[in-house]
1. Which of these, Asn60, Asn43, Asn88, has the largest mean-square fluctuation under a Gaussian network model of the chain (Cα springs below 10 Å)?
2. I'd like the carbon and sulfur percentage of the solvent accessible area for the chain, probe radius 1.4 Å, heavy atoms only, ligands and nucleic acids excluded.
3. Go ahead and set up a Gaussian network model of the chain, Cα springs under 10 Å, then flag whichever of Asp118, Asp73, Asp40 fluctuates most.
4. What label, among (i) 15.6; (ii) 14.6; (iii) 14.2, belongs to Kirkwood radius over Cα pairs in Å computed from the structure on display?
5. Only Cα pairs within less than 10 Å get springs; with that Gaussian network setup on the chain, which residue of Ala18, Ala115, Ala51 has the largest fluctuation?
6. On average, how much accessible surface per residue is there in the chain, in Å², for a 1.4 Å probe, leaving out ligands, DNA and RNA?
7. By a straight-distance test (C-alpha under 12 Å), which aspartates and glutamates pair with Lys14 as possible cross-link partners, with residues fewer than eight away in the same chain excluded?
Amino acid sequence: SRFEGDQSMNKVLKFGIAPVPVQRARSLAIAAGTRQRTKDEPNVWFPTVTAMARVLSDENMALLKVIRESHPDSMDALAKAVGKHAPNVSRSLHTMAQYGLVKLTKHGRTVIPQATSDGVTVDFSWGG
């Protein structure tokens, strides 16, 4: 997962853009103790702006809006609310969960989607 740290409501996720080798080197340096993660750094990383745009698509943002406003009690209820097929909604939510935008909680056979933050910011700085 590219999601670091615990995010809860009233928080803003900070996205960063960096090629995978740069992300890997950064993570290894932090793990080795040769680099400290600062509180201002992004906590979610994408390899390209295109990859971020796919996750933050208008359709996915519409799903997040319904989750935040209606608090659906299942993925099926969300799919019905937005008029989409459940497998497509499931695929979108699992992708968003990889990046920390939603939390998917299982209760028996039911999966409850929850928003994890109030918004996102994007860091386009080129620093290493």
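1. Asn88
2. Here carbon and sulfur together make up 54 percent of the probe-accessible area.
3. Asp40
4. Recomputing Kirkwood radius over Cα pairs in Å here gives the entry labelled (i).
5. Taking springs between Cα atoms under 10 Å, the residue moving most is Ala51.
6. Solvent-accessible surface per residue comes out at 62 Å².
7. Cross-link targets: Glu4, Asp40, Glu41, Asp118, Asp123.
The values are calculated or read from the model by the stated rules, or taken from the named source; none is laboratory data. Keep in mind the model is a prediction, meaning the values are calculated, not measured. Ligands, DNA and RNA are excluded from the accessible area calculation, which covers all protein heavy atoms including side chains. Shrake-Rupley method; radii C 1.70, N 1.55, O 1.52, S 1.80 Å.
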